[in-house]
Amino acid sequence: MGFSDDETAYLRTQPVARLATVNADGGPDVVPVAFEVEDSAIWVGGIGAQVLKTRKFRNIGAGRAEVSLVVDDVVSMQPFIARSVRVYGIAEPPVERVGVMGPGLYSRITPRVSWSWNLAGEPAGEQWYPARRTVH
């Protein structure tokens, strides 16, 4: 599965994603992460051995490798303009590499399916968000 050119361009402009992993009790754990896109993979991780103690890497290391990742931003509130890419994928155990934060330990996420929304940055439209009228 590869990202479209528009999706790749958008992802490369965003510094933070939200990564969801699965805890031992089957519940979700969501955390903001720095990330990077390389070909059709997404890499998340950090610097130093302490990154292996993070819940995300403990969950992935325990074999709970199914993850979700969301990258989104709000371009404007008036008019309301938001954009987003959502990914479901499989995360691999972390490896040493030079990543977005420098040399460290990073997990490669292989996307299985992704959805993107409004990457062109169009206003939501009155059919979804009626114009507000302010009387002074």
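Just the number, please: carbon plus sulfur as a percent of the accessible area of region 8-136, 1.4 Å probe, no ligands or DNA/RNA counted.
Ligands and nucleic acids excluded, carbon and sulfur reach 55 percent.
Counting alpha carbon pairs within less than 8 Å and at least 6 residues apart, what relative contact order, in whole percent, applies to the chain?
Here the relative contact order equals 25 percent.
Please report the base-10 log of the normalised intensity I(q)/I(0) for region 1-113, using a Debye sum with one equal scatterer per alpha carbon and no solvent, at each q in 0.13, 0.20 (1/Å).
The Cα Debye sum returns log10 ratios of -0.48, -1.06.
Go through A20, A120, V87 and say which Cα lies farthest out towards the positive end of the charge dipole of the chain; charges sit on Cβ, +1 for Lys and Arg, -1 for Asp and Glu.
A20
For region 13-72, what is the per residue volume of the convex hull drawn over the alpha-carbon atoms, in cubic angstrom?
Dividing the Cα hull volume of region 13-72 by its residue count gives 91 Å³.
Before I look further, what does the chain give for accessible area per residue, probe 1.4 Å, in whole square angstrom?
With all protein chains present, the chain gives 61 Å² per residue.
With +1 on the Cβ of every Lys and Arg and -1 on the Cβ of every Asp and Glu, and nothing else charged, how large is the dipole of the chain about its Cα centre, in debye rounded to the nearest 20?
Value, rounded to 20: 460 debye.
The values are calculated or read from the model by the stated rules, or taken from the named source; none is laboratory data. Bear in mind the structure is a predicted one, so any value in this text is a computation, not a measurement. As a convention, Cβ positions derive from the backbone with ideal geometry for all residues, glycine included, and neighbour counts pool all protein chains shown. We work out accessible area using only protein heavy atoms, side chains counted, and drop any ligands, DNA or RNA first. Shrake-Rupley method; radii C 1.70, N 1.55, O 1.52, S 1.80 Å.
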